[in-house]
Amino acid sequence: MASDDLNMLQRALLAQQQLQQRGAHPPAWGASALQPEQVRTNTAAAPGVPTEVPGEQYLAFTLLDLEFAFKAEYIQSVERLLDVTPVPNVAPWVRGVINLRGSIASVVDLRIFLDREPLPYNPRTRLLSVQYNEMVICLVVDSVSEMLPIPDNVIASVSTRQTNIPQWVAPYAAGTAVLGKRVIILLDAARLLFSEKMQHYEALD
């Protein structure tokens with residue numbers, strides 16, 4: 001890679017962190033923004049949930065044999081893991097940067113970020129482009145399953161003992177949702193993207 005390109009990529013990483021200080025409201029991307037890859041959308045209530053109860057849309061994905069979800073309004077797109085450019089002198093969980101339709105975005109392996117064992121990438125591996133307050137990070141996850149509504153009455157907050165949220169993900173969790181036999185850990189985009197760890201992406205000496 002040319003030195004000018006490398007400097008540009010490193011400046012892009014720094015610029016992303018500086019954007020965290022801005023206070024704009026997050027855009028409402030919604031389910032229709034999941035391009036270029038289509039994600040199955042489940043508009044029906046999940047088993048065990050009354051059909052008359054409305055719910056916000058969430059994007060469900062898997063990591064470490066567990067099911068997680070972000071609110072759809074914070075999902076910019078779902079991508080295949082292609083053309084990631086490595087960047088030197090960054091934390092091991094930063095896999096590099098990607099050109100996301102004209103904008104440079106950091107790629108973070110969510111397994112490594114959460115101090116879990118890495119998984120070799122495969123055809124099911126996906127990038128979730130997550131945006132909050134102009135901050136965009138592409139998260140590497142094991143797979144993406146569907147977009148589905150989750151009503152408030154099936155969500156337990158992190159303060160509830162029965163949430164069973166693993167300690168390694170608890171700082172970034174908003175709660176859990178029980179949909180029939182499914183237990184989905186709901187991640188808070190702001191807590192994750194604006195976490196102290198995410199801000200310190202430089203490699204440690």
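No value in this document is a laboratory result; all are computed from the given coordinates. None of these values were measured; they are calculated from a predicted model. No Cβ is skipped: glycine too gets one built from the backbone with ideal geometry, and neighbour counts run over all protein chains shown.
Take the Cα of N164, step 7 Å toward its Cβ, do the same at T125, and the gap between the two points is 2.9 nm. Gain on full extension, evaluated as 0.36 nm per residue between D152 and H200 minus their Cα-Cα distance, stands at 13.9 nm. On full extension, the segment bounded by N89 and R191 gains 34.3 nm, given 0.36 nm per residue less the C-alpha separation.
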